Each structure stands twice: as C-alpha cells, then as structure tokens.
1. How much length is gained if the chain between Arg52 and Arg37 is pulled fully straight, taking 0.36 nm per residue apart and subtracting their Cα-Cα distance, in nm to one decimal?
2. Given 0.36 nm per residue, what is the gain on full extension from Ala103 to Asp73 after removing their alpha carbon distance, in nm?
3. According to the square roots a ≥ b ≥ c of the eigenvalues of the Cα gyration tensor, what is the shape class of the stretch 39-119, taking rounded for a/c under 1.5, prolate for a/b larger than b/c otherwise, and oblate for the remainder?
4. Can you tell me how much longer the chain between Gln151 and Asn88 gets when fully stretched, taken as 0.36 nm per residue apart minus their C-alpha distance, in nm with one decimal?
Amino acid sequence: MFGIRQMLVDRLCALAAAPPRVMKRRLIAATGLGLDRDAAAFRKLRDVHEGRRAFVIGNGPSLRMSDLDLLKDEVTFASNKIHLAFENTVWRPTYHLIENEIALREMAPLISEWSHQLVLSYDSFSVMKRRPDVLYFIRDFHTNPRHPRFQFRPLGHVHAGYSVLYSCLQ
C-alpha cells in the first residue's frame with residue numbers, strides 16, 4: 001500500500017505546478033508517509049561523527065574480508081547485499097543502505113538479526129512495514145541523469161544518482 005502511495009506522490013509532483021520539493025512535502029504529509037519524523041531522525045545524526053573519517057564500501061569482486069576487518073572501528077556506509085560478508089568478518093557497517101527492492105525482499109527475514117543502523121528508501125514499504133529502528137529516506141528521481149543533483153543535507157531526502165553508492169555519499 002505504501003509503495004502505491006509513494007508512486008502517486010512522485011507522479012503528482014511531476015504534474016504539479018508547485019516546485020517538486022514543496023509539493024512532495026505537502027503530499028507526503030497528506031498521505032501519512034512520515035517525512036517530518038524521518039527528517040528529525042536524520043537531524044539527530046548531524047555532527048555525530050564530526051572529525052572522524054568515513055568509508056563508503058562497494059560490494060564489488062575486489063572486496064576482501066581482511067580489508068573490512070581493518071575498518072571495524074571506523075564510520076562506514078555499505079549497501080544492499082553486504083550482509084553476505086558477515087559470516088567471514090567481525091566488521092559491521094555503521095550504516096547499511098538498501099535501495100534495491102529485489103535485494104530487500106531477500107533480506108527482509110534477516111533484518112531483525114542485525115544490530116547496525118539500517119537505512120531504507122520509502123520504496124521499502126512495498127516489501128515490509130515501517131520499523132522504528134530504521135531510518136527512511138525519499139529518493140528524488142526528478143534529476144537529470146547526466147548531471148544529477150546532490151543533497152548536502154539529506155534530511156530524509158536524497159537525489160537519485162542511479163547507484164546506491166551515490167545515496168551513501170549524500
């Protein structure tokens with residue numbers, strides 16, 4: 001049900017006369033998706049890791065478990081199926097973003113076992129119910145694929161860059 005709502009919000013924003021950002025907030029408030037709650041959760045994270053370095057982990061074939069163990073006490077962002085590495089390393093990501101609906105369907109039964117912070121897009125509501133321990137964000141697809149916009153203060157809203165790593169960087 002929430003997946004349909006999000007789709008309607010996105011389509012109405014594309015057709016609306018108001019700027020997409022303003023219209024999206026109005027429509028989300030009307031549909032009860034909880035943008036204010038999610039923005040507040042992201043606001044609490046501001047400067048939490050100030051002064052620390054952070055790493056964005058890609059899940060490519062060159063990823064080695066020994067490299068992950070070196071990042072055990074660092075701030076890390078990982079994505080989608082990084083959980084496949086968990087049986088081979090003590091490392092866990094600080095933040096685990098999942099945007100891929102197919103991957104989320106496969107991982108949904110495992111999520112309750114994880115202790116790290118999970119970050120999901122609103123698209124996840126088509127797969128699972130809202131969880132109080134998860135951060136949720138909106139992916140804004142109203143961007144030029146050749147010159148995607150970048151959100152420097154992603155209070156529950158990031159610009160789609162056609163890669164989950166683009167969202168991790170925001």
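Every read-out reported here was derived from the displayed coordinates using simple, explicitly stated rules and does not represent laboratory data. In this text the structure is predicted, and so the values were computed from the model without any measurement.
1. 2.7 nm
2. 8.1 nm
3. oblate
4. Contour length minus the Cα-Cα distance gives 19.3 nm.
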